[in-house]
Amino acid sequence: MAAGSRSARDPSLSLTRVLTRLTAPPIYLGVLGGMQVGLLWVLRSHFGTLLPAVSTAAYIALLAGLLLVAEHWTVKLWGVVGLSVLTAIGPTVMDIVARIQGRATMVHDGLVQVELAIDRLMHGQPIYGVDWSNTPLAAMPWNTTLGPNPALHHQAYFPLVILLGVPLRALTNALGLPFDGRMVLVGFALLGMAVIARLPLAAERRFLILTAVYMSPLITLYFWSGRNDIEFLVMVLLSLMLLARRQPVLASTALGAAVALKPFAWLAVPFLLLVLYLRYRDRRSMGELLTSLIALAMVPVVTIVPFLLADPRAFWTDTVLYTNGGVPDAYPIGGYGFGELLYQLHGVARRSDAFPFGLVQLAAVIPVLWVTARGFLRRPTLSRWMGGYALALLAFTFFARFFNDNYAGIVITLILCIRPLGDVSLAPAPAQAAGRLAA
């Protein structure tokens, strides 16, 4: 009995100690990077053998450096940046080239629809309430349900996703070059690397976050094929970095852009508002508060309202009802969450049926926000900000109509970023040195 009591009090068995060991750079790189390099070998018929071979050699060299060399974290940080470019952006560029050359690619149907919408927008045509049946989208495979892809009659992406591609499309047209929507995504991926590099954290912690985001197929597998989650994810990270650097107005603008890109970013807004509240409580600066709130609303208002006013019914049907079961041909129930469980247990007869998922989501999200927000107010740190957002997003997506594979990947990636973000304070007082690792 005494031995058991001593074991129970042994700090080596504490949860904190276990988590610290699991969030060590060699573990992150070994597991996530190994999965990524392994996936390149699995897809060698698509990418060839040179990219997997070079990636494997670089991966082994970096992992050996982590295990054998204790210091030089700046060099290691640049190493993971280079390996991320090689294994995350490299396959994307190769697939773009393959598509231009007319070879088989791994393009996602959402990318095709975004490209078609960019072309329509540049010709002054509507992008909501459109029948896409006579476009290349109709040739894309659809295996989720019987019948045609419901996206042939709905365009669920917010306007900013389309607007971002217009300047680049115009530039490639002027230069006589082919266009691929993933060119925009590559730009966001590079921006995200720069954002993580600018976080006010020690190089070791930034190494962990870069690895979690760019050395993991949980993100990059979908990035390669053109799913646009990287856009909103990078803007959320940019907002957090700017908050950590005491720039609330710019942080609000960045999060507003994230909201205008994907509804998932809404779950981060309460935590931004808590930071603004803490700053107002400390400084009583109404000007900073109002400017930040205006900045938060600016991008969504400027990009969404014109399309909403142009055709309210079409916009609402495509972006809200289609994804929430408010129309007969709504996006089908499925994925890896509550919706699929409900279908398998015969809670709904057909995947196209309506169900009040919104009420279930509210019931799940509200208590999560309540608990995590109170914890954040007691100790407003980067890790608690990310923890609250990640858990709220998990509750929202898991209980949604569909919890797709890329959604699960985003949530897991954000959870992997929690501990590396550490105890750097988001309160008005200077960031606490306790949140930093020795460089």
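Determine, from the Cβ-Cβ distance of Ala98 and Asp423 and an R0 of 45 Å, the FRET efficiency 1/(1 + (r/R0)^6), rounded to the nearest 0.05. Intermediate results must be reported in sequence, preceding the final value.
Details: r = 45 Å, r/R0 = 1.01.
The pair Ala98/Asp423 has a calculated efficiency of 0.50.
Taking packing as the residue-averaged number of other Cβ atoms within 10 angstrom, the listed peptides 57-64, 160-167, 254-261 run from highest to lowest as 254-261, 160-167, 57-64. Taking every alpha-carbon pair under 8 Å whose residues sit at least 6 apart, segment 98-183 reaches a relative contact order of 34 percent. Once Cα extents along the principal axes in Å is worked out from the coordinates, which option in [x] 72, 57, 41; [y] 84, 51, 46; [z] 71, 55, 51 does it equal? Given [x] 72, 57, 41; [y] 84, 51, 46; [z] 71, 55, 51, the calculated one carries the label [z]. With N counted as the residues of segment 363-421, its alpha-carbon radius of gyration over 2.2 N^0.38 Å works out to 1.12. Along each principal axis, taking the top coordinate minus the bottom one, the Cα set of segment 112-206 gives 52, 38, 21 Å in descending order. In the assembled protein chains, Thr49 presents an accessible area of approximately 80 Å² (probe radius 1.4 Å). When only the Cβ of Lys, Arg, Asp and Glu is charged (+1, +1, -1, -1), the dipole of the chain relative to its Cα centre reaches about 1520 debye. Farthest towards the positive end of the charge dipole of the chain, among the residues Leu43, Val348, Leu272, is the Cα of Leu272, using unit charges on the Cβ of Lys, Arg, Asp and Glu. If you sort the three axes of the alpha carbon gyration tensor as a ≥ b ≥ c, you get a/c of 1.5 or more for segment 42-158 and a/b above b/c, which makes it prolate. In plain terms, the chain from Thr49 to Arg350 could stretch by 104.0 nm, reckoned as 0.36 nm per residue minus the Cα-Cα distance.
The value of relative contact order for the chain, using C-alpha pairs under 8 Å at least six residues apart, is 17 percent.
The spacing between segment 274-310 and segment 372-403, judged by their C-alpha centroids, is 21 Å. For segment 34-178, what does the relative contact order come out to in percent, with C-alpha contacts under 8 Å and a separation of six or more? Relative contact order comes out at 18 percent.
Using the average count of surrounding beta-carbon atoms within 10 Å as a protection proxy, the listed peptides 241-249, 306-314, 112-120 rank, highest first, as 112-120, 241-249, 306-314. Residues of segment 313-356 with backbone nitrogen within less than 11 Å of a virtual label 7 Å along the Cα-to-Cβ line of Trp142, please, listed as ranges. 329-332, by backbone N distance to the label point.
The share of accessible area on the chain that comes from carbon and sulfur is 68 percent, using a 1.4 angstrom probe. The residues of the chain expose on average 45 square angstrom of accessible surface per residue, using a 1.4 Å probe on protein heavy atoms.
The values are calculated or read from the model by the stated rules, or taken from the named source; none is laboratory data. Note that the structure is predicted; figures quoted are calculated from it, not measured. Neighbour counts are summed over all protein chains in view; Cβ atoms, including those assigned to glycine, are modelled from backbone coordinates with ideal geometry. In case anyone asks, the SASA skips ligands and DNA or RNA and just uses the protein heavy atoms, side chains included. Shrake-Rupley method; radii C 1.70, N 1.55, O 1.52, S 1.80 Å.
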